[in-house]
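Participant: Input: one structure, supplied below.
Every read-out reported here was derived from the displayed coordinates using simple, explicitly stated rules and does not represent laboratory data. Quick caveat: nothing in here was measured; it's all calculated off a predicted structure. Heads up, the Cβs are rebuilt from the backbone with ideal geometry, glycines too, and the neighbour counts pull from every protein chain shown.
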Amino acid sequence: MKWGPCRDLLDVRAFLGTIGVIAAQDNLQSALLKLPALRPIDYGSAANVILAVDTSQIAVSFHLCQCALNNLWVWYYARFGSITLNNHELRFSQPKLELYGLFHALRSLKMYLIGVRNLIVEVDACYIKGIIWKNTPFY
């Protein structure tokens, strides 16, 4: 790409922004090359395994990962998944959607969860907590 002389502040910002984008892409590329994209769950390890589920109005997304033994903030991802909701399921209330999404994620990953010792489930718990504390039906 050939750059001419900068005529105003917008040209300067565009030029400097290009340099920042290239540096960010280089950093991202080097980080991705150092770590494997997916790593299988080590069932013999005492490290925590995390199942994170996020349910929206149209779909359920989830991932399964395992923490590093020496650093709890380093996660090694094993599985990703998503499930779209049909027309009937789209009309569920938000608390029911959260539980329904958790159910489908557990069912979808049951083959990988058998044998896991330390499973941590992460969901949007405010709706589920409301169901438990208010003791009201969620339909």
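Participant: What net charge do the residues around ASN48 carry, taking every other residue with its C-beta under 14 Å from that of ASN48, with Lys and Arg at +1 and Asp and Glu at -1?
Facilitator: On the way: positive: ARG117; negative: ASP42, GLU122.
Its environment carries a net charge of -1.
Participant: Consider the candidate values [x] 29, 15, 13; [y] 39, 25, 17; [z] 40, 25, 14; state which one is semi-axes √(5λ) of the Cα gyration tensor in Å computed from the structure displayed.
Facilitator: The value matching this structure is [z].
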